[in-house]
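Report on the structure given below.
The values are calculated or read from the model by the stated rules, or taken from the named source; none is laboratory data. Every value quoted in this text rests on a predicted model; they were computed, and no experiment measured them. Neighbour counts run over all protein chains shown; Cβ positions are idealised from the backbone, glycine included. Accessible surface areas use protein heavy atoms only, side chains included; no ligands, DNA or RNA. Shrake-Rupley method; radii C 1.70, N 1.55, O 1.52, S 1.80 Å.
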Amino acid sequence: MGRKFNKKTAVREISSKKLLLIAAIIAVTAIIAASIFILSILRRKPVAAFYGLSESTQKAISSELADFTIMTYNASKPLAAQLKYGKKADILFTSGGKAVSDAVPTTEKNKAALPHTVLDGMISSARMSAPLNTEGAVLAVPVLINNYEIDINRPLMRNSGYASLDSWADIDKFARSMHGKITAPVIMAGGDDRELINITGALCEALQGKAAWDNIVSKIKESVAAGKDTEMDFETVLSDLCSTQESPLYMTDRMLSSWYKDGILYPETFHMKTSDVKSFMESELCAISFLTLTQHRAVAPGSINNYDSQYYPSSPDASARNFTSPLLFIIPLRKNKQGTDIIKAFAKDRQEKISRATGLAPVQADSRVPDRQADDVRYWVAASGAPLPALADAAFSDDSVRADFAQALRTQIKYK
């Protein structure tokens, strides 16, 4: 006889089968979802971020990052908070200074430092600038060099009997001889907060040395950390930095103030932007211009060819030089093969290509260069100590604070 039908047993068996089927569907769904997630990670484009670089430099570098998603952090705000709470990047392009010191803790946390061999072939001063962890691995890789330079109107200089201006005494004498003969004996972008601060920092190093520059950075940071970061606060700080012959900004303040009061520094200097300096140079309205290698590139070729570029001369008291030649760094924020590969390529094989694209000087000693200006900058930096970052990047991370300091600096030069 067959087994007697048991309704309760049949219901239990059907329920069990349904549960097994549901479990199987859930398991398959989970496997598919996991596979899609893993594939999305594997196929995800790595992210390259920029912070504080010019639009032209970003565009030139981005052209070499076809396999990356590009993003830009807000350069008017501190980087540290954006790295912690904002969108995540795999690699970061930025200039030396506070941005690098804010970013490398992320590199250390994610164990993304690169072997020291990534610096092979670089000029020694660039290698010296690369931050290392306790095991000697590289936390940020220098790849390009900008520079704060002086451009001298060559025909005016030659007509004044100079073959070159090799000292600050020569520069001062030539500038004063141009008073009344040309619209602007000396110009700079004094209306641009960053440029005014950076030129002041470069002058400080040239006139009183790196120790004086370090002192300025320290005093500014101390004031900001204490909450004393208004224009009035910075007027007090600057008064102290310029007060006596031993003060770190004394010689810079003395020179700029005398130039301004004597009409050597163009009266509208503290309203001028880099575009104004460019226009003055192209119109042959100035004898001496303070600008950067990047800004030099923007001047029309037919005009810039009438100017000789040179580094800031040493003062008699400067025994060694650390030029204000901001390095462009790539920072590995996360472990990522594509990120690592592109950093290594930028540091070695693509040096000539990115130097030509950006107009900046390469850090590789044997790399070909786009022109004499880039070659000169690399030579100057190679022959000196580790280059200094721009003062505005070394001492500040917030545009509003930077602006207050720049305004206090204008007041110091013009009225004190």
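When the residues of the stretch 127-152 are filtered to those that are part of a loop (DSSP other than H, G, I, E, B) and among the polar types (S, T, N, Q), which remaining residue is most open to solvent (accessible area, probe 1.4 Å)?
The qualifying residue most open to solvent (accessible area, probe 1.4 Å) is Thr134.
When you go through (1) touching a helix residue (DSSP H, G or I) at 6+ places or on another chain (Cβ under 6 Å); (2) free of Cβ contacts under 8 Å to residues at least 12 places away in the same chain; (3) not charged (D, E, K, R) one by one for Ala225, which number turns out not to apply?
Tallying (1) touching a helix residue (DSSP H, G or I) at 6+ places or on another chain (Cβ under 6 Å); (2) free of Cβ contacts under 8 Å to residues at least 12 places away in the same chain; (3) not charged (D, E, K, R), Ala225 fails exactly one: (1).
Scan the stretch 192-211 for residues that are open to solvent by 10 Å² or more (accessible area, probe 1.4 Å) and either closer than 20 Å to Pro267 by Cα or without any contact (Cβ under 8 Å) to a residue 40 or more places away in the chain (or both) and jot them down.
Residues satisfying the conditions are Asp192, Asp193, Arg194, Glu195, Ala211.
Residue by residue, here is whether (1) acidic (Asp, Glu); (2) more than 22 Å from Ala408 (Cα to Cα); (3) in a helix (DSSP H, G or I) holds:
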site	(1), (2), (3)
Ala163	no, yes, no
Lys173	no, yes, yes
Arg176	no, yes, yes
Val186	no, no, no
Gly191	no, no, no
Arg194	no, no, yes
Asn198	no, no, yes
Gly201	no, no, yes
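Considering only the stretch 275-305, state which residues are hydroxyl-bearing (Ser, Thr, Tyr) and buried (at least 18 other Cβ atoms within 10 Å of the Cβ).
Taking the stretch 275-305 as the starting set, the residues that turn out to be hydroxyl-bearing (Ser, Thr, Tyr) are 275, 279, 283, 289, 292, 294, 303.
Passing the criteria: Ser289, Thr292, Thr294.
Exactly one of these conditions fails for Gly97: (1) surrounded by 22 or more Cβ atoms within 10 Å (Cβ to Cβ); (2) over 30 Å from Asn306 (Cα atoms); (3) in contact with a Leu (Cβ under 7 Å, 6 or more places away or on another chain). Give me its number.
Of (1) surrounded by 22 or more Cβ atoms within 10 Å (Cβ to Cβ); (2) over 30 Å from Asn306 (Cα atoms); (3) in contact with a Leu (Cβ under 7 Å, 6 or more places away or on another chain), only one is false for Gly97: (3).
Checking Asn159 against (1) closer than 15 Å to Tyr311 by Cα; (2) free of Cβ contacts under 8 Å to residues at least 60 places away in the same chain, only one condition comes out false. Which one?
(1)
Quick one: what pairs do we get from the stretch 381-409, first residue under 17 Å from Glu195 (Cβ atoms) and polar (S, T, N, Q), second at pLDDT 95 or above and open to solvent by less than 10 Å² (accessible area, probe 1.4 Å), C-beta under 9 Å, 6+ apart or different chains?
Gln407/Phe234
Have a look at Glu268, Glu231, Glu235 and point out the one that is in contact with an Asp or Glu (Cβ under 7 Å, 6 or more places away or on another chain), open to solvent by 40 Å² or more (accessible area, probe 1.4 Å) and closer than 17 Å to Lys414 by Cβ.
So the residue among Glu268, Glu231, Glu235 that is in contact with an Asp or Glu (Cβ under 7 Å, 6 or more places away or on another chain), open to solvent by 40 Å² or more (accessible area, probe 1.4 Å) and closer than 17 Å to Lys414 by Cβ is Glu231.
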